[in-house]
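Take a look at the structure set out below.
Derivation of every value follows stated rules applied to the coordinates shown; laboratory data play no part. Since this is a predicted model, take the numbers as computed values, not measurements. Cβ placement follows ideal geometry from the backbone for every residue including glycine, while neighbour counts extend to all protein chains displayed.
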2 protein chains.
Amino acid sequence: MRMAELSAESGIPVATIKYYLREGLLPAGERTSPNQARYGEEHVRRLKLIRALVEVGGLSVATVREVVAAVDSDRAAYSVLGVAQRALTRFDADVPDEDREWAMGVVGELAREHGWKFGPDNPVAELLVGTVCTIRALGHQALLDQIGRYADIADRIAQADLDTLEAGVSMDRIVEAAVVGTVLGDRLFEGFRRLAQAAETARRYSVG
Amino acid sequence: MRMAELSAESGIPVATIKYYLREGLLPAGERTSPNQARYGEEHVRRLKLIRALVEVGGLSVATVREVVAAVDSDRAAYSVLGVAQRALTRFDADVPDEDREWAMGVVGELAREHGWKFGPDNPVAELLVGTVCTIRALGHQALLDQIGRYADIADRIAQADLDTLEAGVSMDRIVEAAVVGTVLGDRLFEGFRRLAQAAETARRYSVG
């Protein structure tokens with residue numbers, strides 16, 4: 001199909017598609033003349049994925065570029081998942097060294113109990129260390145006291161995540177499915193959690 | 001304390017503090033001369049909260065302004081929580097009308113089963129409807145098939161959230177605690193979920 005049809009099919013304006021092409025998010029079409037190119041179903045599919053990651057996942061164009069590069073790479077699926085997970089996990093706040101050591105102890109202890117493993121400079125560990133330090137700095141000890149309960153629930157949701165991944169897709173789409181599951185699955189769960197919090201508040205305090 | 005001490009105490013540069021004052025995130029200090037003002041512990045505390053919401057929670061300055069305005073308002077705690085929850089939930093993608101109707105049915109059915117309630121134009125419902133539509137458009141039916149399992153886990157985590165809130169704080173800080181719990185608690189759980197996913201992947205496929 002031509003650019004105009006690709007735009008109609010995907011529901012994305014031509015100018016936006018050209019921007020994604022320039023930014024390397026979308027592979028070039030097959031050139032049929034100096035001014036024209038042909039696009040296929042894989043372009044429609046990729047555009048839908050980009051839109052989901054940007055609009056629903058709230059990812060920046062730079063992060064989407066990293067994620068689709070990982071999806072397109074020839075690396076083994078689980079290695080690609082690691083790259084995607086890193087791209088999806090951002091944590092930029094600075095943490096003082098002495099706080100870091102304490103927080104790494106808290107996170108490391110939980111990881112041992114739950115059989116979680118992570119290497120040095122893992123961005124997920126950075127996120128956890130920074131978040132734990134911030135919670136302490138704000139004086140919300142109660143949240144730290146309950147941290148093990150959240151870790152238990154995380155194990156449950158990870159089982160659901162892997163069951164979902166296995167149920168749904170062929171190997172050639174498993175990396176895309178994992179990215180969608182991570183980005184949209186987080187948003188879905190965020191929404192459920194908010195509704196459940198409101199309902200639980202109403203139950204306990206008879207409001208609402 | 002003076003501006004320089006407030007900066008030293010909170011670890012936030014003077015220029016940034018002045019920006020927060022101008023933007024209405026931080027209440028003005030008590031003026032002691034035309035060029036000087038005095039700040040108290042409540043300013044240190046508020047600065048830590050702002051930094052946590054911006055750096056760890058990834059919120060925009062505009063969203064932080066809405067959230068702290070809700071924290072500062074004289075409204076009842078549970079009404080403030082509703083305002084904060086709305087400010088914290090952003091969903092901007094457009095959804096076609098026929099998809100919306102179907103997705104609202106899916107979300108409404110889950111809400112009935114779980115005792116969740118929401119009014120028209122609730123931003124959390126918008127988030128869920130949009131996410132469900134996007135997942136379907138991408139063809140990830142397996143994720144929709146498992147949606148009830150995620151909803152069950154959300155009920156569990158909401159119980160942990162409310163227990164945490166009740167354990168920790170006096171009423172005058174409960175709104176702040178709920179905001180911290182929501183923003184930082186989401187980030188914490190996101191990190192745990194990633195580590196648990198990696199461990200579950202390794203267990204099932206003997207990799208890593």
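Among chain A residues, the beta-carbon with the smallest distance to the axis carrying A onto B is reported, with distance in whole Å, as A:Ile153, 3. Straight Cα distances below 30 angstrom link A:Lys18 to the lysines A:Lys48, with same-chain residues fewer than 8 positions distant left out. If only the Cβ of Lys and Arg carry +1 and only the Cβ of Asp and Glu carry -1, the dipole of region B:87-205 around its Cα centre is close to 580 debye. Free of any trypsin sites (Lys or Arg not before Pro) that DSSP assigns to a loop and that have at most 15 other C-beta atoms within 10 Å, the longest stretch within chain A is A:118-208. For chain A, the C-alpha radius of gyration sits at 1.26 times the compact-globule guess of 2.2 N^0.38 Å, with N the residue count.
Debye-formula intensities of the protein assembly as shown, expressed as log10 I(q)/I(0) at q = 0.14 Å⁻¹, are -1.34 (one equal scatterer per alpha-carbon, no solvent). Sorted from shortest to longest, the distances between the B:Gly24 label points of this copy and the other copies are 4.2 nm, with each point 7 Å from Cα along the line through the beta carbon.
Suppose every Lys and Arg Cβ carries +1 and every Asp and Glu Cβ carries -1, with no other charges. What dipole size does the protein assembly as shown come out with about its Cα centre, to the nearest 20 debye? Computed about the Cα centre, the dipole is about 580 debye. Under the convention that each Lys and Arg Cβ holds +1 and each Asp and Glu Cβ holds -1, the size of the dipole of region A:3-86 around its Cα centre is about 160 debye.
Which stretch or stretches of region A:33-61 have amide N atoms under 20 Å from the point lying 7 Å from B:Arg100's Cα along the Cα→Cβ direction? Residues passing the 20 Å test: A:52, A:55-57. Model label sites at A:Tyr19 and B:Asp152, defined 7 Å from Cα along the beta-carbon direction, differ in position by 4.3 nm. Using Cα atoms only, what is the angle between the long axis of helix A:123-137 and the major principal axis of chain A, expressed in degrees (0 to 90) to the nearest 10? Helix A:123-137 sits roughly 40 degrees off the main axis of chain A. What separates the B:Ala167 label point from its copies, with the point 7 Å along Cα to Cβ, is 3.2 nm, written shortest first.
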